[in-house]
Amino acid sequence: MGTSVQVTPLCGVYNENPLSYLVSVDGFKFLIDCGWNDQFDTSLLEPLARVAPTVDAVLLSYSDTLHLGALPYAMKKLGLSAPIFATEPVCRLGLLTMYDQFVSRKQVSDFEFFTLDDIDQAFQNITSLTYSQNHHLSGKGEGIVIAPYVAGHLLGGAVWKITKDGEDVIYAVDFNHRKERHLNGTVLESFVRPAVLITDAYNALSHQPSRRQRDQEFLDAIMKTLKTGGNVLLPVDTAGRVLELILILEQHWEQYKLIYPIYFLTYVSSSTINYVKTFLEWMSDSIAKSFEHTRDNVFLLRHVKLLINKSELENVPLGPKVVFASLGSLEIGFSHDLFVEWASDPSNLVLFTERGQFATLARMLQADPPPKAVKVTKSKREPLAGEELAAYEEEQDRRKKEEALKAAQIKEEKSNASARNDNAQNDPMVVDKTHANDSKAAVGHRNEAFRDVFIDGFVSPSTSVAPMFPFYDYTSEWDDFGEVINPDEYVLKADNIDSASMPADGDLGKLDEGPISLMLDTTPSKVVSMEMTVQVKCSLIYMDFEGRADGRSIKSILAHVNPLKLVLVHGSAEATEHLKQHCLKHICPHVYAPQIEETVDVTSDLCAYKVQLPEKLMSDVLFRKLGDYEIAWVDGEVEKTESGMLSLVPLSSRAPPHKGVLVGDIKMADFKQFLASKGVQAEFGGGALRCGEHVTLRKVGDASQKGGAGGVQQILLEGPLTEDYYKIREHLYSQFYAP
């Protein structure tokens, strides 16, 4: 029986809601992604709440809220306490994303789902892994190996591979096969015939133009608006796809020496770019090579100015400008405020680069046709003043007095109880019979000269104050190396650290002073909201810069990977059903699209068993190297041991002879070079390799099903039986291992 695998969606199936899935591998439960939406709708987390305490490990694939937004809340309120794994960029940029979300929410509401401390605590628990790094789990997860691989889409984005007993479970959502300015494409195509593939149908019905055409249309729309004197607003995420957009404009402005100002406006914009500068090794090959040869960091921005407060934008000179502002949903944040101010001007442009989340203002504006007017709530936080401030301070004083009174009462009760206990223990007229035997035993070990000493009279309680000049003799312990030191005395405790401090690597020193002052501001304030109708007269354009593979590419990649079993998640009902029917017809017969909290068993149908190989048997085995592996014939008989395990023991009789078997694969281009090194001329022609004058070598079979039952390729050697024929055949056989 193969490795037991069950998949249970908790959020994000048959719709575009945040992503969260429970994957059980031989009883070890992985929570893969822990997303939330920009409205922080708690009803979406009800399935997660029912299983959070049972989760054994958490895997995060991207740094946006749709993939990790619920992590602080789940750890604070839902009982999630499992170890968390992610790449370094996902950890760091995810932290900044949650900071930006928190501050944005706090400015317009009394946000209480989580605090800054909860965010810090959640991201402190993350174990960072590099691409292709195998991490072996221990304890309950013994034998399971996890590893992240390049996914594209966002910086540090991961395709997760979970391996147990040689079978792979691949989780790959929102991947991008295209190479972009700052990211390489996914390596998902390098996996062939995994036991289970979990992927999404989000873009199954979409078609994307070429990158060059898309980028040109993007730049044309922006330049047209700027030349007519209008402003361009791009609602973006905090630290994700905005990086690609910034590079597009930065390079275009540099090439054409443009002077229109560009601003990146989020509460953590400077911190985001500072972090990104250190992640060049996670970016595209071209960026890494450029830095290696010229030490040129593409994120040393010359044309994009970083702002962390709207007041800074209000102080810039009047004139056309481009502003990247968070958040992409337009629900809250700087993007919401700028839209309200700029929407009524026909010369302005709001350029959407990603689909708005369901039921958000961005989604409403992306409708066809767009609305002519929208109702919005404009909120801001104002300091208390006058009677409100006096009432607030009075209430705070009352609470402090109550807390002080309660603390004094508790302290007095503890002191009285302690005094009563000491008086009872030290009263010479009270005999504690429970310790009588202990006292006699102790006396027996004392020096005989003192056994007649009798203490009479009053004995002061241990809690009483010394009458005068108390002296405490602090004696130190010594060993062979000197005075014994207690390391705990030299450790800074949390209580002694400024309560405003952030965790290591994510400390306040990495953030800007503006957001810090907002995060730590304790000035009494209130939120003032106002309903208003905004006339939408500005231009509205949507262009797909989401960085996801389109429908055609998804189908092609799935056909190449050719999984044994396929689970589809995250996508509209129409897109999910379309991709499911396509995969059933063209890719594999086992395709699942479960509903929320519906568990599907995708355990492998392979007949795999664990067999022990004793030392006696292994000592006679002759291994031969084949690439990165070593292989050999092993002859034996299977027996069951006393512990119930299967064991392979030596044969009682002579092993039968083995038939010739060629093991391995060959690339025709590599074989051509090998023949050239042996003095044999070879050229490609007509889909075959022509060796010398008369011998032809060709592969036949379905290469798209490599590794499958019906996908075995054969190599045909054609030509007259001449000396060249036998020489080339010998060279061909030498490329394989024939045990």
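The values are calculated or read from the model by the stated rules, or taken from the named source; none is laboratory data. Everything numeric here is computed off the predicted structure, so don't read it as measured data. We place every Cβ from the backbone using ideal geometry, glycine too, and count neighbours over all the protein chains shown. Note: areas computed on protein heavy atoms with side chains; ligands, DNA, RNA excluded. Shrake-Rupley method; radii C 1.70, N 1.55, O 1.52, S 1.80 Å.
A few points about this structure:
- Filtered by the rule that a residue be more than 14 Å from I32 (Cα to Cα) and either open to solvent by 10 Å² or more (accessible area, probe 1.4 Å) or out of contact with any helix residue (DSSP H, G or I) (no Cβ under 9 Å at 6 or more places or on another chain) (or both), region 66-80 gives Y73, M75, K76, K77, L78, G79.
- Matching residues, region 227-249, being among the basic types (K, R) and assigned to a helix (DSSP H, G or I): K227
- Any hit, region 268-275, residues being farther than 21 Å from D38 by Cα, open to solvent by less than 10 Å² (accessible area, probe 1.4 Å), of a type in the set (S, T, N, Q) and touching a helix residue (DSSP H, G or I) at 6+ places or on another chain (Cβ under 6 Å): yes
- Total residues in region 178-199, condition closer than 23 Å to S572 by Cβ and among the charged types (D, E, K, R): 1
- Counting only helices (runs of 4 or more DSSP H) wholly contained in region 543-633, the ones carrying 3 or more residues that are closer than 22 Å to A151 by Cβ and within 26 Å of the chain's Cα centre (by Cα) occupy 551-561, 573-586.
- Scanning region 49-65 for residues that are part of a helix (DSSP H, G or I), surrounded by 23 or more Cβ atoms within 10 Å (Cβ to Cβ) and hydrophobic (A, V, I, L, M, F, W, C) yields one hit, A52.
- Subset tally (residues that are open to solvent by 10 Å² or more (accessible area, probe 1.4 Å), within 17 Å of the chain's Cα centre (by Cα) and not basic (K, R)) for region 12-31: 1
- Test: residue in region 337-346 that is open to solvent by 10 Å² or more (accessible area, probe 1.4 Å) and over 17 Å from K537 (Cβ atoms): yes
- Candidate set: region 690-739, residues that are open to solvent by 60 Å² or more (accessible area, probe 1.4 Å), touching a strand residue (DSSP E or B) at 6+ places or on another chain (Cβ under 9 Å) and modelled with pLDDT under 80; chosen: the one farthest from S190 (Cα to Cα): A738
- Only one of F30, F40 that is assigned to a strand (DSSP E or B) and touching a residue at least 60 places away in the same chain (Cβ under 8 Å): F30
- Residue within region 84-104 that is out of contact with any helix residue (DSSP H, G or I) (no Cβ under 9 Å at 6 or more places or on another chain) and either assigned to a helix (DSSP H, G or I) or open to solvent by 20 Å² or more (accessible area, probe 1.4 Å) (or both) present: no
- Any chance L351 is free of Cβ contacts under 8 Å to residues at least 40 places away in the same chain and either open to solvent by less than 50 Å² (accessible area, probe 1.4 Å) or in contact with a Cys (Cβ under 6 Å, 6 or more places away or on another chain) (or both): no
- Screening region 250-267 for residues that are part of a helix (DSSP H, G or I) and out of contact with any Phe, Trp or Tyr (no Cβ under 9 Å at 6 or more places or on another chain) and picking the one that is least open to solvent (accessible area, probe 1.4 Å) gives H252.
- Where A122 falls short, out of the listed (1) buried (at least 22 other Cβ atoms within 10 Å of the Cβ); (2) outside any helix (DSSP H, G or I): (2)
- Evaluation of G35 against (1) closer than 24 Å to A195 by Cβ; (2) crowded, with 23+ Cβ neighbours inside 10 Å (one fails), failing number: (1)
- The residue of region 179-218 that is most open to solvent (accessible area, probe 1.4 Å), among those that are basic (K, R) and assigned to a helix (DSSP H, G or I), is R212.
- Taking region 621-637 as the range and being open to solvent by 50 Å² or more (accessible area, probe 1.4 Å) and at pLDDT below 75 as the test, the residues that pass are R624, K625, G627, D628, Y629.
- Among the strands (runs of 3 or more DSSP E) confined to region 268-358, the ones with at least 2 residues that are under 20 Å from G94 (Cα atoms) are located at 304-307, 322-326.
- Checking each residue in region 638-653 for being part of a strand (DSSP E or B) and open to solvent by less than 80 Å² (accessible area, probe 1.4 Å) picks out L646, S647, L648, V649.
- Complete set of residues in region 359-400 that are in contact with a Pro (Cβ under 7 Å, 6 or more places away or on another chain) and assigned to a strand (DSSP E or B): P383
- A search for C-beta distances below 6 Å between a residue of region 107-125 that is at negative phi and any residue that is at pLDDT below 85 and among the basic types (K, R), counting only pairs 6+ apart in sequence or on different chains, returns Q107/R381.
- Number of the condition not met by N309 [criteria: (1) touching an Asp or Glu at 6+ places or on another chain (Cβ under 7 Å); (2) surrounded by fewer than 20 Cβ atoms within 10 Å (Cβ to Cβ); (3) more than 30 Å from A575 (Cβ to Cβ)]: (1)
- Checked against the criterion of being small (G, A, S), open to solvent by 50 Å² or more (accessible area, probe 1.4 Å) and at pLDDT 80 or above, region 443-451 contains not a single residue that satisfies it.
- Selection count, region 382-440, where residues are at pLDDT below 75 and closer than 30 Å to K106 by Cα: 0
- Selected residue (criterion: farthest from V323 (Cα to Cα)) from residues of region 337-377 that are within 27 Å of the chain's Cα centre (by Cα) and small (G, A, S): A359
- Residues in region 559-579 that are open to solvent by less than 10 Å² (accessible area, probe 1.4 Å) and in contact with a strand residue (DSSP E or B) (Cβ under 7 Å, 6 or more places away or on another chain): V561, P563, L566, V567, L568, V569, H570, G571, T576, L579.
- Residue list for region 283-306, restricted to those being open to solvent by less than 30 Å² (accessible area, probe 1.4 Å) and among the hydrophobic types (A, V, I, L, M, F, W, C): M283, I287, F299, V304
This table checks each residue for (1) in contact (Cβ under 8 Å) with a residue 12 or more places away in the chain; (2) open to solvent by 70 Å² or more (accessible area, probe 1.4 Å).
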| position | (1), (2) |
| --- | --- |
| K372 | yes, yes |
| S379 | yes, no |
| E382 | yes, no |
| K411 | no, yes |
